[in-house]
1. Working only within the stretch 76-92, note down all residues that are part of a helix (DSSP H, G or I) and without any contact (Cβ under 8 Å) to a residue 60 or more places away in the chain.
2. Conditions: (1) modelled with pLDDT under 90; (2) more than 14 Å from the chain's Cα centre (by Cα); (3) surrounded by 11 or more Cβ atoms within 10 Å (Cβ to Cβ). Residue 52 meets all but one. Number of the miss?
3. Among the residues that make up the stretch 35-47, is at least one of them over 13 Å from residue 141 (Cβ atoms), loosely packed, with under 12 Cβ neighbours inside 10 Å, modelled with pLDDT of 85 or more and under 12 Å from the mean Cα position of the chain (by Cα)?
4. Taking the stretch 61-75, which residues are in contact with a helix residue (DSSP H, G or I) (Cβ under 6 Å, 6 or more places away or on another chain) and in a loop (DSSP other than H, G, I, E, B)?
5. If I filter the stretch 69-85 for residues that are modelled with pLDDT of 90 or more, exposed (fewer than 14 other Cβ atoms within 10 Å of the Cβ) and under 22 Å from residue 31 (Cα atoms), do I get at least one hit?
6. Exactly one condition in (1) at pLDDT below 90; (2) closer than 20 Å to residue 64 by Cβ is false for residue 161; which is it?
7. Is at least one residue of the stretch 138-152 assigned to a strand (DSSP E or B), loosely packed, with under 14 Cβ neighbours inside 10 Å, in contact with a strand residue (DSSP E or B) (Cβ under 6 Å, 6 or more places away or on another chain) and touching a residue at least 12 places away in the same chain (Cβ under 8 Å)?
8. Out of the residues in the stretch 60-75 that are in contact (Cβ under 8 Å) with a residue 12 or more places away in the chain and more than 17 Å from the chain's Cα centre (by Cα), state the one that is nearest to residue 38 (Cα to Cα).
């Protein structure tokens, strides 16, 4: 009787651990998403709007993006938005409390959708003025040739645009 109870208890523990963990694919997608968001928003440059610096940012984020999404980001100039904010605010940008959760609303086997959130810190060392912006979004990743790439990124980008417009 004790053996049956032990097996039953171990089965329950195994099931809880199994359902509480991300799959290998989800873990790989989350790693890419984390690396991308860190590259996109952790900026320690103030003179960020130079063409050379924007080109460097494009190159550093390109490896995380599908080709179509890369060109969309390039054409809309959204990829340079964090750089523009850093320069206008004369601030170093960093992410805090970066969180990712798998969004199970999409049953497509080719894509993984992640909800994410973090606090964007803007630290101006000269004036000691610090700002915080809560960033929340939805990333869609697609597996291409065995590698997860960002296919779309929707977040509250208007919060950053307000900083540029002075509102």
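The values are calculated or read from the model by the stated rules, or taken from the named source; none is laboratory data. In this text, all values refer to a predicted model and were calculated from it rather than measured experimentally. For neighbour counting, all protein chains shown are included, and Cβ atoms are generated from backbone atoms with ideal geometry for every residue, glycine included.
1. 76, 79, 80, 83, 86, 87, listed by residue number.
2. (3)
3. For the stretch 35-47, residues over 13 Å from residue 141 (Cβ atoms), loosely packed, with under 12 Cβ neighbours inside 10 Å, modelled with pLDDT of 85 or more and under 12 Å from the mean Cα position of the chain (by Cα): absent.
4. Scanning the stretch 61-75 gives a single hit, 64.
5. no
6. The number of the failed condition is (2).
7. Within the stretch 138-152, none of the residues are assigned to a strand (DSSP E or B), loosely packed, with under 14 Cβ neighbours inside 10 Å, in contact with a strand residue (DSSP E or B) (Cβ under 6 Å, 6 or more places away or on another chain) and touching a residue at least 12 places away in the same chain (Cβ under 8 Å).
8. Among those that are in contact (Cβ under 8 Å) with a residue 12 or more places away in the chain and more than 17 Å from the chain's Cα centre (by Cα), it is 74.
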